[in-house]
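All remarks here apply to the structure that follows.
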Amino acid sequence: MKKPSVFTQKHTVQPQATAAAIGSGSLEVFSTPSLGALMENTAIQAVKGELSEGETTVGAEIFIEHLRASKVGETLTATAEMKAHEGSSIFIQIEVKNERNDLIGRAKHTRVVVDPEKFMHRLD
């Protein structure tokens with residue numbers, strides 16, 4: 001197995017990503033679904049080096065803990081670290097922190113390596 005891969009990115013909470021805006025709650029705070037999307041995107045970037053040409057990954061499982069609220073305009077830092085690559089499964093741990101280094105959320109995520117054409121053909 002290759003050396004574990006890590007990817008970090010910054011993200012500013014936008015009004016359209018609040019719980020009130022997307023319907024997952026009534027408050028103007030970063031929604032859990034938006035946190036999940038940020039985590040998943042960060043994980044995708046972290047595992048790119050594991051893929052051969054023509055491969056991609058699909059999400060198979062994600063366990064999210066949303067620990068602290070974030071307001072619009074707040075800058076978050078998401079870090080994903082690949083922990084293992086076993087067969088077609090890649091296991092990733094993700095943390096998101098705010099500007100004060102408070103832990104906003106963490107996740108365990110599994111992605112599966114697929115051939116995009118074969119994957120999409122199975123949906124027909």
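Throughout, read-outs are computed from the coordinates displayed, never taken from laboratory work. No experiment lies behind these values; they were computed from the predicted model shown. Positions of Cβ are generated from backbone atoms using ideal geometry, with glycine treated the same way; all protein chains shown enter the neighbour counts.
Provide the FRET efficiency to the nearest 0.05 for the residue 24-residue 61 pair, computing r from the beta carbons and using R0 = 25 Å.
Between residue 24 and residue 61 the formula returns 0.80.
Can you pull the Rg over Rh of the range 44-98, Cα-only, Kirkwood?
Computed over Cα atoms, the ratio is 1.04.
Rg and Dmax of the chain over Cα atoms: what are they, in angstrom?
Taking only Cα atoms of the chain, I get Rg and Dmax of 15.5, 48 Å.
List residues of the range 56-97, by number, whose backbone nitrogen lies under 14 Å from a label position 7 Å along Cα→C-beta of residue 112.
56-62, 86-91
Let me know the volume per residue of the alpha-carbon convex hull for the range 16-75, in Å³.
In the range 16-75, the Cα hull volume divided by residue count equals 116 Å³.
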